[in-house]
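Q: One structure follows; several queries about it will come next.
Just so it is clear, none of the values below were taken in a lab; they were calculated from the coordinates. None of these values were measured; they are calculated from a predicted model. Neighbour counts are summed over all protein chains in view; Cβ atoms, including those assigned to glycine, are modelled from backbone coordinates with ideal geometry.
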Amino acid sequence: MPLPTGEADRSSSGTDDAPRVQPVDERTPRVRPRREWLRISGYVQPQFTYRVRDDARPRDRRELGAGSTRAGLVFSGAPLRRWSYTIHVVLGATLINTITRVDVVDDDGDGTVDGVATRAEPVPGLFVEELSVRYRPVDAKRSDRDASLVHLDLKLGQLRIPWTVQQKVFNAALMFPRRSAPNDVFLFGTDLGALASLGVLEDRVELSAGVFNGTGLAVQRSNERGALYSGRLDINPLGGFAYNEGDLERERFRFGVGTGALYFPSRLYDDAGNDTGTRARDLRVSASLRMSVRGFYVQAEYLRRQRTDALSSLPRISQGAYVQSSMFVALPRELGIAPIGRFGWTTTDQRVSPRTVLYGEAGVALYLGNEERRDALRVLVQYLGEARRSEHERADGASMQLQLRF
């Protein structure tokens, strides 16, 4: 059977590149399978962005620079049978002000501390995308060369909550440089917790359930505590459908539908740490559709959030959706080109103070492949559009990203 590999590499390529144990004659001595202790992969994504906001303050009307540049390193391996690990670290070009020194201040020299003075220095951003250990107790196959009929994965650590399709996509396998704005409005970043994933009939049915800290939700509340419960169901009637936003291999017709849910019951405390008696319930649901055939790929998702608490009987409701599509055309000499487009919208707090934002993106991606992968190098040029209907503001811009995978 193939050795388990890191989830990040599996979800980004949709293939299992781990060494396979070849069948041997029972009369010959058995050969111990080779363990993969460490595999290093990653990506580098330099990006240059220019954006114009004519209705913003004079300081914010022009945005120019490479602040979205980032690189990712993925360390994965399977040192034990059925056990594997993934460490995915992202280094960003954005600088974060970090306090590097604290000094005591004595204004009048009487030996009494009158205050403190701090010194902050900008340091490069360093983020953990995934840090997890995976155990696969069940992996039933017809043969070593076939996909799993049934497999069960148990994962523990820091990871993205697979609530939407985009939360399951590897950073370098996204269609655009970043996930859609509606996805990030409803859920952003990673969280700490445990996740169980079940695949049935060669991943025609995928089911996952998990428990997380809840600190990865988009709206941070420092005095709110509770456990976050997640669940997702994906159905791919025609066979396993890798979580890549595009069809670079120009494969046969495939489609998949899915739905996800997050439930976050919590308690609110005051600044002193005392229980205020307030209870809140945060429910988020999503529905998704994916389809690809011979280079054409389309993906759409709908998202909804409803939050209620003991102080008010009026729920706070937010909604959003997006649709994105691409058409990959293979060219000679391992080249390829793909026009891409995406449109989305969000309406937050729609019953009390509604705020609607429209998002539009369009561009073209040029691919240069090698003997291992078709997307070894990608050059992407795109238009960025945002219209804030409630504030009657809009922003337009352009971005160019170079992505190199290794």
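Q: Go over the candidates 254, 250 one by one and state the one that is surrounded by fewer than 20 Cβ atoms within 10 Å (Cβ to Cβ) and in contact (Cβ under 8 Å) with a residue 60 or more places away in the chain.
A: None of the others qualify; the one that does is 250.
Q: Give me the pairs, please: first residue somewhere in segment 364-378 and within 14 Å of residue 43 (Cα to Cα) and touching a residue at least 60 places away in the same chain (Cβ under 8 Å), second residue anywhere and outside any loop (DSSP other than H, G, I, E, B) and polar (S, T, N, Q), beta-carbon distance under 8 Å, and either six or more positions apart or on two chains.
A: Taking only residues 6 or more apart or on different chains, the pairs are 373/13; 375/403.
Q: Considering only residues that are assigned to a strand (DSSP E or B), without any contact (Cβ under 8 Å) to a residue 40 or more places away in the chain and surrounded by fewer than 18 Cβ atoms within 10 Å (Cβ to Cβ), which ones fall in segment 132-159?
A: 138, 140, 156
Q: Where the second residue is among the β-branched types (Val, Ile, Thr) and part of a strand (DSSP E or B) and the first is free of Cβ contacts under 8 Å to residues at least 60 places away in the same chain and surrounded by 15 or more Cβ atoms within 10 Å (Cβ to Cβ) and lies in segment 273-285, which pairs have Cβ atoms under 8 Å and are six or more apart or on separate chains?
A: 280/308; 281/308; 285/259
Q: Would you please name the residue that is nearest to the chain's Cα centre (by Cα), looking only at residues in segment 160-200 that are in a strand (DSSP E or B) and either without any contact (Cβ under 8 Å) to a residue 40 or more places away in the chain or surrounded by fewer than 22 Cβ atoms within 10 Å (Cβ to Cβ) (or both)?
A: 191
Q: Could you tell me how many of the residues in segment 57-96 are assigned to a loop (DSSP other than H, G, I, E, B) and out of contact with any strand residue (DSSP E or B) (no Cβ under 7 Å at 6 or more places or on another chain)?
A: Going through segment 57-96, the residues assigned to a loop (DSSP other than H, G, I, E, B) turn out to be 57, 61, 66-69, 81-82.
Keeping just the survivors that are out of contact with any strand residue (DSSP E or B) (no Cβ under 7 Å at 6 or more places or on another chain) gives 57, 81.
Number of matching residues: 2.
Q: Residue by residue through segment 352-399, note down the ones that are touching a helix residue (DSSP H, G or I) at 6+ places or on another chain (Cβ under 9 Å) and more than 30 Å from residue 330 (Cβ to Cβ).
A: The answer is 357, 386.
Q: Which of the following residues is within 24 Å of residue 403 (Cα to Cα) and touching a strand residue (DSSP E or B) at 6+ places or on another chain (Cβ under 8 Å): 192, 198, 174, 159?
A: On the way: 192 fails: within 24 Å of residue 403 (Cα to Cα); 198 fails: within 24 Å of residue 403 (Cα to Cα); 174 fails: touching a strand residue (DSSP E or B) at 6+ places or on another chain (Cβ under 8 Å).
None of the others qualify; the one that does is 159.
Q: Looking for whichever is under 17 Å from the mean Cα position of the chain (by Cα) and either farther than 20 Å from residue 214 by Cα or not charged (D, E, K, R) (or both) here; the options are 266, 292, 230. Which one fits?
A: 230
Q: Tell me which residues, restricted to segment 320-342, are crowded, with 17+ Cβ neighbours inside 10 Å and either acidic (Asp, Glu) or outside any loop (DSSP other than H, G, I, E, B) (or both).
A: Within segment 320-342, 320, 321, 322, 324, 325, 326, 336, 338, 340, 341, 342 qualify.
Q: Any residue at all in segment 294-313 that's among the charged types (D, E, K, R) and free of Cβ contacts under 8 Å to residues at least 12 places away in the same chain?
A: No: segment 294-313 contains no residue that is among the charged types (D, E, K, R) and free of Cβ contacts under 8 Å to residues at least 12 places away in the same chain.
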